[in-house]
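One structure is given below, encoded as structure tokens.
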Amino acid sequence: MKTFIVFASLFVFVGLTFSQTPDNRIRYENQDLFLSGANIAWVNFARDIGPSTTNFTKFKSIFTELKTNGGNSMRLWLHTTGHETPAFDANGKVTGPGTNAIADLKQILDLAYEQKVGLQLCLWSFDMLRISNGAGITDRAKKLLTDTVYTNAYIKKALIPIVNGVKGHPGILAWEVFNEPEGMSNEFGWEFNHHIPMLDIQRVVNLVAGAIHRTDSSAVVTNGAWCFRAQTDVSFDGNPNKNYYRDDRLIAAGGDPDGTLDFYNVHYYQANFGAPLSPFHHPKSAWGLDKPLVVAEFYIEDSHGKTWQTLYRNLIENGYAGAWSWAWDNSTQNARTKVLMLDLKKDYASDVVIEPRSGVILNFRVDPSTIDKGDSTLLIWDSSNGSVLLLDGEPVAQKGRRIIHPSEPKEFTLTSSGDVAQEKKTTVGFYPSGKLWSFVAKPVSIAAGDPVTLTWTSSFGSTVTLNGEPVSEDGTVTVFPQVTTLYKLIATGVTTETLQRTVTVLPADQVNRANGRPVTVSGTEAGTGHENPAHMVDDDPSTWWASLNTELNWVELDLVDTIAIDKIKITWGGTYATTYRLGISSDRKNWKVILWEKAGTGGLSLIDSIGVTGRYVRLLLDKRSKSTTGYQISELQVYGLKVTATDVESGGNEKMTDFVLFPNYPNPFNPETTLRFSIPVAGEVSVSVMNLIGQTVWTSGSLNLQAGSQQILFSGESFPSGVYVYRISLEGKNKSQNVTGKMVLLK
């Protein structure tokens with residue numbers, strides 16, 4: 001053991017060493033926990049402890065609600081700005097904890113521990129140097145941060161009394177020195193703050209952490225970094241990062257060997273940082289940190305390809321020690337936090353449930369509990385530390401999973417022993433035959449003869465019919481309705497179920513060719529509930545897509561088929577484009593700009609009489625009607641005739657890019673159908689019909705036709721039912737070209 005003097009302080013302290021194991025958990029209540037919860041941050045900003053009235057009823061409600069939804073911990077701010085605590089004299093030096101500060105904190109901790117919720121107590125925030133606080137608050141805060149005499153006055157007069165006052169309270173998870181102190185630094189600081197060097201921040205972290213460790217030998221201390229820029233020496237985006245809170249750097253800044261952190265906190269907001277700085281895109285081990293790491297602030301939102309529903313699970317499965325969303329009083333974040341905490345409790349109960357007694361069965365279930373005969377399922381169990389388990393009399397681990405293949409309904413029994421003894425049962429059953437799980441028709445609005453894919457699934461042993469015709473239990477079939485058609489799927493067995501889908505046949509020029517087609521965008525505004533670009537092409541005006549909150553954005557639609565585009569409709573939301581461009585391409589390389597709007601008014605934008613053939617539509621968004629949100633688009637619709645077009649060079653410079661094939665009508669047919677096409681120049685045309693093994697079954701011979709739309713009648717009276725391929729060939733002056741299509745003969 002060694003002694004030392006903390007800079008100008010007159011106090012002699014004993015050096016201590018702290019460790020935290022394992023690397024992916026935080027020790028609390030004699031358990032190694034993954035911290036699953038959220039930020040309270042505050043009920044009353046900078047006034048939750050001290051002279052102001054504390055809303056203990058609100059705190060109790062928060063802790064109860066968190067516990068009910070599977071959480072185990074929260075983060076609470078104390079001094080924050082120094083507005084009410086600690087107490088200062090006229091010269092800006094700390095004189096005490098502040099009136100009622102310790103008593104209020106004790107009562108909050110009591111309420112938290114009643115629900116077995118651990119609190120991380122954050123002392124200060126970057127807000128202490130916020131310019132809008134006024135000189136009275138920021139001047140004394142700056143002295144505390146930059147002058148060791150003032151720092152030590154705070155430690156002696158306020159910090160040590162507070163720590164002593166609540167020392168040993170089981171509601172304390174950890175102490176945190178700063179929330180995002182980088183925001184008040186010269187190196188990273190924000191414009192609304194006064195700034196100080198990061199070296200001063202490191203010194204205060206060192207001195208405060210050391211004082212807490214010596215005052216309470218069981219206490220653990222951390223700090224909340226604003227992002228990985230200040231929390232790792234590893235870089236993934238080419239920009240320099242630095243772990244300012246590494247042990248040697250803190251000790252070098254403050255001189256206190258006890259003043260190191262027991263684990264790290266990092267924050268992540270994707271609006272400010274991309275995937276290279278995202279904890280959701282790298283395992284904890286990638287950051288090169290030698291201590292547990294809690295992701296202590298983030299929005300629960302889709303993040304660079306990671307859906308919000310996976311974020312807590314992502315962190316626990318990638319070696320992090322905790323997940324706290326921002327923040328509990330946000331209704332959207334509150335609802336999503338509950339979903340994710342309960343999800344963790346379901347599969348990681350012993351990692352997140354605070355249960356000090358051995359022998360407690362935390363989870364025992366079959367997932368799914370009901371299956372089709374012949375399928376497998378998963379038997380899952382979890383128990384508190386030190387439990388001894390028997391599964392149907394067989395010893396098993398404290399926590400486990402087992403794939404099972406039951407041949408009949410079966411009950412399983414799990415028994416435990418330890419401080420307590422428990423027994424739980426769970427059962428797997430089979431779905432009865434005759435149940436329909438799904439029946440989907442895509443698309444549901446077509447032109448006559450266009451293909452529609454019908455897909456369905458049913459339970460094992462079902463007898464299934466589609467419009468009276470026997471089909472398999474699970475299947476897919478393509479149909480070509482000529483008129484609006486009702487498709488009825490019936491499954492029979494132990495039970496009987498029926499599902500119906502209607503496919504509407506419209507005139508070809510009234511079919512929205514964009515419906516359900518792939519669409520990509522420049523980016524999306526997360527956390528709005530309107531992140532999915534597919535909302536633009538779902539034919540549902542009640543849904544919409546919200547772009548990034550920036551001026552320049554783009555949307556690209558793949559129509560899959562080549563369309564002779566006649567008109568495009570854009571239905572805008574509340575924020576529309578006042579300036580935008582619209583282009584069409586067949587190859588995504590060469591684009592024809594069909595509109596450059598410079599005075600958009602929102603609502604419904606109709607661009608008609610387009611007359612351009614292409615597969616891709618691109619919308620370039622240049623200027624918004626509002627600067628507060630991204631663009632909002634409810635529907636992007638494209639109308640026109642589906643065509644088949646080729647452009648085969650045979651020499652010369654003659655252009656034949658407008659040789660197009662329209663769908664034959666009717667299709668399916670019996671016995672006649674009309675083949676329709678358009679040629680750009682006069683020439684010799686021949687038509688060949690082949691079966692599916694490539695044999696030519698009919699030819700028209702050579703026909704001399706003029707440029708423009710043409711029709712040829714084909715009779716299948718002498719041919720059997722089936723699918724046939726037809727090829728129409730045109731011989732021009734310097735070029736040959738052909739187009740092909742498929743038709744179905746049904747007798």
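So ALA323 ticks every box in (1) within 13 Å of ASN72 (Cα to Cα); (2) surrounded by 17 or more Cβ atoms within 10 Å (Cβ to Cβ); (3) more than 16 Å from the chain's Cα centre (by Cα) but one. Which box is left unticked?
Answer for ALA323: the failing condition is (3).
In region 51-102, how many are polar (S, T, N, Q) and in contact with a helix residue (DSSP H, G or I) (Cβ under 8 Å, 6 or more places away or on another chain)?
Taking region 51-102 as the starting set, the residues that turn out to be polar (S, T, N, Q) are 52-55, 57, 61, 64, 68-69, 72-73, 80-81, 85, 91, 95, 99-100.
Adding the requirement that they be in contact with a helix residue (DSSP H, G or I) (Cβ under 8 Å, 6 or more places away or on another chain) leaves 54, 69, 72, 80-81, 85, 95.
Total satisfying the criteria: 7.
Quickly run through region 27-65 and pick out the residues that are in a helix (DSSP H, G or I) and acidic (Asp, Glu).
Here is the first cut: in region 27-65, the ones in a helix (DSSP H, G or I) are 56-65.
Correct list: GLU65 only.
May I ask you to list the residues in region 501-537 that are modelled with pLDDT of 90 or more and within 23 Å of the chain's Cα centre (by Cα)?
Answer for region 501-537, where residues must be modelled with pLDDT of 90 or more and within 23 Å of the chain's Cα centre (by Cα): ARG517, PRO518, VAL519, THR520, VAL521, SER522, ASN532, PRO533, ALA534, HIS535, MET536, VAL537.
Could you grab me the full set of residues in region 658-700 that are under 11 Å from ILE728 (Cα atoms) and either without any contact (Cβ under 8 Å) to a residue 12 or more places away in the chain or not in a strand (DSSP E or B) (or both)? Don't jump to the end; show me each part of the working.
Filtering region 658-700 for residues under 11 Å from ILE728 (Cα atoms) gives 659-661, 675-679, 684-689, 699-700.
Scanning region 658-700 gives PHE659, SER700.
Would you say LEU111 is within 14 Å of ASP48 (Cβ to Cβ), under 34 Å from the mean Cα position of the chain (by Cα) and assigned by TED's automatic domain parsing to the domain that holds ALA323?
Values: within 14 Å of ASP48 (Cβ to Cβ): yes; under 34 Å from the mean Cα position of the chain (by Cα): yes; assigned by TED's automatic domain parsing to the domain that holds ALA323: yes.
For LEU111, the condition - within 14 Å of ASP48 (Cβ to Cβ), under 34 Å from the mean Cα position of the chain (by Cα) and assigned by TED's automatic domain parsing to the domain that holds ALA323 - is met.
State whether the residues of region 278-293 include one that is part of a loop (DSSP other than H, G, I, E, B), at pLDDT 95 or above and either surrounded by 23 or more Cβ atoms within 10 Å (Cβ to Cβ) or among the aromatic types (Phe, Trp, Tyr) (or both).
yes
Can you confirm whether ARG676 is under 51 Å from the mean Cα position of the chain (by Cα) and modelled with pLDDT of 85 or more?
On the way: under 51 Å from the mean Cα position of the chain (by Cα): yes; modelled with pLDDT of 85 or more: no.
The answer is no for ARG676.
Under 7 Å between Cβ atoms, which residue pairs at least 6 apart in sequence (or on different chains) link something in region 604-621 that is under 18 Å from THR579 (Cβ atoms) with a partner that is charged (D, E, K, R) and buried (at least 18 other Cβ atoms within 10 Å of the Cβ)?
ARG618/GLU556; LEU620/ARG581
Could you grab the pairs with beta carbons closer than 7 Å, sequence gap of 6+ or different chains, first residue in region 224-235 and within 16 Å of PHE298 (Cβ to Cβ), second one at pLDDT below 95 and surrounded by fewer than 22 Cβ atoms within 10 Å (Cβ to Cβ)?
Listed pairs, sorted by first residue: CYS227/PHE273.
Based on what the data block shows, is ASP566 touching a residue at least 12 places away in the same chain (Cβ under 8 Å), over 23 Å from the mean Cα position of the chain (by Cα) and outside the structural domain of ALA448 (by TED's automatic domain parsing)?
On the way: touching a residue at least 12 places away in the same chain (Cβ under 8 Å): yes; over 23 Å from the mean Cα position of the chain (by Cα): yes; outside the structural domain of ALA448 (by TED's automatic domain parsing): yes.
Taking the combined requirement at face value, the residue satisfies it.
Of all residues in region 470-505 being farther than 30 Å from TYR665 by Cα and of a type in the set (Val, Ile, Thr), which is surrounded by the most Cβ atoms within 10 Å (Cβ to Cβ)?
ILE490
Conditions: (1) charged (D, E, K, R); (2) free of Cβ contacts under 8 Å to residues at least 24 places away in the same chain; (3) assigned to a strand (DSSP E or B). GLU408 meets all but one. Number of the miss?
Checking GLU408 against (1) charged (D, E, K, R); (2) free of Cβ contacts under 8 Å to residues at least 24 places away in the same chain; (3) assigned to a strand (DSSP E or B), the one that fails is (3).
Hey, does region 120-140 have a residue that's among the basic types (Lys, Arg), touching a residue at least 24 places away in the same chain (Cβ under 8 Å) and out of contact with any strand residue (DSSP E or B) (no Cβ under 7 Å at 6 or more places or on another chain)? Don't jump to the end; show me each part of the working.
Step one: of region 120-140, the residues among the basic types (Lys, Arg) are 130, 140.
The next check asks that each one be touching a residue at least 24 places away in the same chain (Cβ under 8 Å); those that pass are 130, 140.
Restricting the remaining residues to those that are out of contact with any strand residue (DSSP E or B) (no Cβ under 7 Å at 6 or more places or on another chain) gives none.
Checking region 120-140: not a single residue is among the basic types (Lys, Arg), touching a residue at least 24 places away in the same chain (Cβ under 8 Å) and out of contact with any strand residue (DSSP E or B) (no Cβ under 7 Å at 6 or more places or on another chain).
Of the residues ASN265, ASN193, ASN239, which is on the phi < 0 side of the Ramachandran plot, crowded, with 21+ Cβ neighbours inside 10 Å and not aliphatic (A, V, I, L, M)?
ASN265
In region 208-248, which residues are in contact with a Ser or Thr (Cβ under 6 Å, 6 or more places away or on another chain) and in a helix (DSSP H, G or I)? Spell out the reasoning first.
Taking region 208-248 first, the residues in contact with a Ser or Thr (Cβ under 6 Å, 6 or more places away or on another chain) are 241, 243, 247.
Hit for region 208-248 is ASP247, nothing else.
So in region 66-115, with the set limited to residues that are in a helix (DSSP H, G or I) and free of Cβ contacts under 8 Å to residues at least 40 places away in the same chain, which one is surrounded by the fewest Cβ atoms within 10 Å (Cβ to Cβ)? Walk me through how you get there before you give the answer.
Kept after step one, since they are in a helix (DSSP H, G or I), are these residues of region 66-115: 66-68, 101-114.
Within this subset, residues satisfying the condition of being free of Cβ contacts under 8 Å to residues at least 40 places away in the same chain are 68, 103.
Numbers: THR68: 12, ALA103: 14.
Here the residue is THR68.
Read through the list (1) modelled with pLDDT under 95; (2) under 23 Å from ASN385 (Cβ atoms), then give the number of the only condition that PHE34 fails.
The one condition PHE34 does not meet is (1).
Are any residues in region 392-412 closer than 19 Å to GLY429 by Cβ and crowded, with 16+ Cβ neighbours inside 10 Å, and if so, which ones?
So in region 392-412, the residues closer than 19 Å to GLY429 by Cβ come out as 392, 402-412.
Hits for region 392-412 are PRO406, PHE412.
Taking region 572-604 as the search range and keeping residues that are of a type in the set (Ser, Thr, Tyr) and buried (at least 19 other Cβ atoms within 10 Å of the Cβ), which one is farthest from LEU641 (Cα to Cα)?
Kept after step one, since they are of a type in the set (Ser, Thr, Tyr), are these residues of region 572-604: 575-576, 578-580, 585-586, 601.
Narrowing the set further to residues that are buried (at least 19 other Cβ atoms within 10 Å of the Cβ) leaves 575-576, 580.
Details: THR575: 31, TYR576: 29, TYR580: 25 Å.
Out of the qualifying residues, it is THR575.
Which ones in region 441-480 are touching a residue at least 40 places away in the same chain (Cβ under 8 Å) and either closer than 24 Å to ASP375 by Cβ or among the hydrophobic types (A, V, I, L, M, F, W, C) (or both)? Don't jump to the end; show me each part of the working.
Of all residues in region 441-480, those touching a residue at least 40 places away in the same chain (Cβ under 8 Å) come to 441-450, 452, 454, 456, 459-461, 480.
Hits for region 441-480 are ALA441, VAL444, ILE446, ALA447, ALA448, VAL452, LEU454, TRP456, SER459, PHE460, GLY461, PHE480.
The values are calculated or read from the model by the stated rules, or taken from the named source; none is laboratory data. Values in this document were obtained by computation on a predicted structure and should not be read as measured data. Counting neighbours? That spans all protein chains shown, and the Cβs are built from the backbone with ideal geometry, glycine included.
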